[in-house]
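These notes are about the structure you will find just below.
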């Protein structure tokens, strides 16, 4: 399910959590989570995420069912197996997914303009020093593990 908001409810200056979430407590938890995920390089193991969820300002159930599910349903966070370099075991990792964003802003109001704003804000937060071309995004998926 994609959150639907009337375009007048947010502007280009709105934060990503303002666009995605409506409750103040969830917005605050989203800011904390994004800062934590960025501090981890945009990639964490399922065990690290579980530990974070236990100490989050949201309940564990709300964290997974409200916040993480929203990010994953929108394709902002992905999940895949990865090999641990120290032990050689394969574990599940969650990672920030770079969003393919065009150079030109689509016309308002539309679902495309909403997706453009979300993708641009997500990329500026997690991938501010990386190029936004599709070719670079393909390299991101093939080289990070």
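Restricting the range 1-29 to residues that are assigned to a helix (DSSP H, G or I) and surrounded by fewer than 16 Cβ atoms within 10 Å (Cβ to Cβ), the residue that is modelled with the lowest pLDDT is 7.
Applying the set (1) surrounded by 15 or more Cβ atoms within 10 Å (Cβ to Cβ); (2) over 19 Å from residue 123 (Cβ atoms) to residue 101 leaves exactly one unmet item: (2). Residue 38 fulfils the conditions (1) under 13 Å from the mean Cα position of the chain (by Cα); (2) surrounded by 15 or more Cβ atoms within 10 Å (Cβ to Cβ) except for a single criterion, (2). Report yes if residue 46 is modelled with pLDDT of 90 or more, surrounded by fewer than 18 Cβ atoms within 10 Å (Cβ to Cβ) and more than 20 Å from residue 20 (Cα to Cα), otherwise no. Spelling it out, residue 46 is indeed modelled with pLDDT of 90 or more, surrounded by fewer than 18 Cβ atoms within 10 Å (Cβ to Cβ) and more than 20 Å from residue 20 (Cα to Cα).
The values are calculated or read from the model by the stated rules, or taken from the named source; none is laboratory data. Worth saying up front: this structure is predicted, and the values here are computed from it rather than measured. Here Cβ is always computed from backbone atoms with ideal geometry, including for glycine, and neighbour counts include all displayed protein chains.
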